[in-house]
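Read through the structure below, which is laid out as structure tokens, and then see the notes.
The values are calculated or read from the model by the stated rules, or taken from the named source; none is laboratory data. None of the values given here were measured: they were computed from a predicted structure. Neighbour counts run over all protein chains shown; Cβ positions are idealised from the backbone, glycine included.
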Amino acid sequence: MADDAFLALGREAERMIRDLAQISAEEGRLIRLYLTPEHRHAADLVGRWMSEAGLDVTEDALGTVRGRLDPAGGGQNAARRLLIGSHIDTVIDAGAYDGTLGVIAGILAVREVVRRHGRMPFGIDVLAFGDEEGSRFPATLLCSEAVAGHFDSAALAVESVDGVRLDDALRRYGKDPARIGEAAYDPEEAAAYVEVHIEQGPVLEQAGEALGVVTAIASQSRHTVTVIGEAGHAGTVPMALRRDALAASAEIALALEGLALGNADDFMVGTVGKMSVLPGATNVIPARVVFTVDLRSQTDARRLEALARLRDEIAAIADRRRVTAWMERTHEVAAKPCDPTLQAGFAGAIAGQGGRAIRLPSGAGHDGQAVGALCPIGMLFVRCRGGISHNPAEFTSVEDMGRAVAALIGFIENFDRSFLAA
């Protein structure tokens, strides 16, 4: 495909992304939360684009917009479906590309497949999920979990940041929570799920490549660490006699950093993202600190080993500094490897453009983690400037987006030969 063809696809993707970015709860910054009027407006626009691309459009009980392309004829793969998806919700003060690029890439790719071939020997569904970010309700991947047949009905009772129960929000959105079970695919029908997504990191940019093949969605552990020391006068307690909870917490944070650096070959990352210090006065030694630990790794075994070592480090630091400290788990999700054949399919599509298929894991969570309980998954990463995401500065070039759509087209065109026939 010539460069001007990539640019044409990319320009169309950019126009659609900008149209979606206009749908926001606030003027001047992008906020589009699950089951809000903005979500409704975005879902309607996406549904219109799907219909214009030749897809039959429906919406399930959790608000996932589905564009369906039935297979041609009655071949051996006519009962199988390739699922292509991402999300249309955002974080607060978001960038325009996270999630939405994957939905738009799916629509544009299938539109081109329809133009070239009419229909494929297998079915295709493009899915626009509504809640991947978890910005409104304290639960994520609700839509994709329902697609996989693993929706937890207990989530219906959770309350949003604006005090609305999920089941009530669904009813206000025009949905019947009793029908959520109908959203699940039959495992015999769902052949694979793939997603195009901005990298949200700097690896592709540093490598000088537009596209990359995801090897796995990283495992995650989130914990709360509490450190109890003793308050004292900042001017009168000698340093050697202090039981400073913040100093101990800082040493624990550095221990976490050291563990992650020591496992860099497994793409391990560790983050202390939130910290509360009490009593919080300029002239008082901190007596109580509570902070978060986010640890991610490509493999579960290395993550669990690092957590065990961190617990040992916390105990040793607490003993040496004469404080009390403990760690409590708040969230854990296992790594989700991407299917090797789907990886090869994307690598072949990248090579077909003359690119180098860099392979890398995703440190961020995605809908594929939930859909992976249903069928094999694959992901294509797209370079983003500076690795910036969840930020208004988020940016992906027109040409890179065009290359991503073209790669997805090539992947779809070879799916029955490269995957279904494998």
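Residue-level check: of (1) surrounded by fewer than 24 Cβ atoms within 10 Å (Cβ to Cβ); (2) out of contact with any strand residue (DSSP E or B) (no Cβ under 6 Å at 6 or more places or on another chain); (3) part of a loop (DSSP other than H, G, I, E, B), Glu12 misses just (3). Out of region 259-290, which residues are within 30 Å of Val214 (Cα to Cα), surrounded by 15 or more Cβ atoms within 10 Å (Cβ to Cβ) and of a type outside the set (Asp, Glu)? Passing the criteria: Leu259, Ala260, Asn263, Phe267, Met268, Val269, Gly270, Thr271, Val272. Of the strands (runs of 3 or more DSSP E) lying entirely inside region 159-267, none contains at least 3 residues that are farther than 29 Å from Ser362 by Cβ and in contact with a Phe, Trp or Tyr (Cβ under 6 Å, 6 or more places away or on another chain).
The set of residues in region 140-154 that are out of contact with any strand residue (DSSP E or B) (no Cβ under 8 Å at 6 or more places or on another chain), within 30 Å of Asn391 (Cα to Cα) and either surrounded by fewer than 17 Cβ atoms within 10 Å (Cβ to Cβ) or hydroxyl-bearing (Ser, Thr, Tyr) (or both) contains only Thr140.
Checked against the criterion of being exposed (fewer than 14 other Cβ atoms within 10 Å of the Cβ) and assigned by TED's automatic domain parsing to the domain that holds Gly372, region 207-224 contains one or more residues that satisfy it. The residue pairs whose first member lies in region 381-394 and is assigned to a loop (DSSP other than H, G, I, E, B), whose second member is polar (S, T, N, Q), and whose beta carbons are closer than 7 Å, counting only pairs six or more residues apart or on different chains, are Arg383/Thr396; Cys384/Gln200; Cys384/Thr396; Ser389/Gln200.
Looking across region 179-208 at every residue that is of a type in the set (Gly, Ala, Ser) and touching a residue at least 24 places away in the same chain (Cβ under 8 Å), the one that is nearest to Ile388 (Cα to Cα) is identified as Gly201. Hey, can you tell me all the residues within region 354-375 that are in a loop (DSSP other than H, G, I, E, B) and either buried (at least 16 other Cβ atoms within 10 Å of the Cβ) or within 14 Å of the chain's Cα centre (by Cα) (or both)? Matches in region 354-375: Gly355, Ala357, Gly363, Ala364, Gly365, His366, Gly372, Leu374, Cys375. Screening region 291-300 for residues that are touching a helix residue (DSSP H, G or I) at 6+ places or on another chain (Cβ under 9 Å) and not in a strand (DSSP E or B) and picking the one that is surrounded by the fewest Cβ atoms within 10 Å (Cβ to Cβ) gives Thr299.
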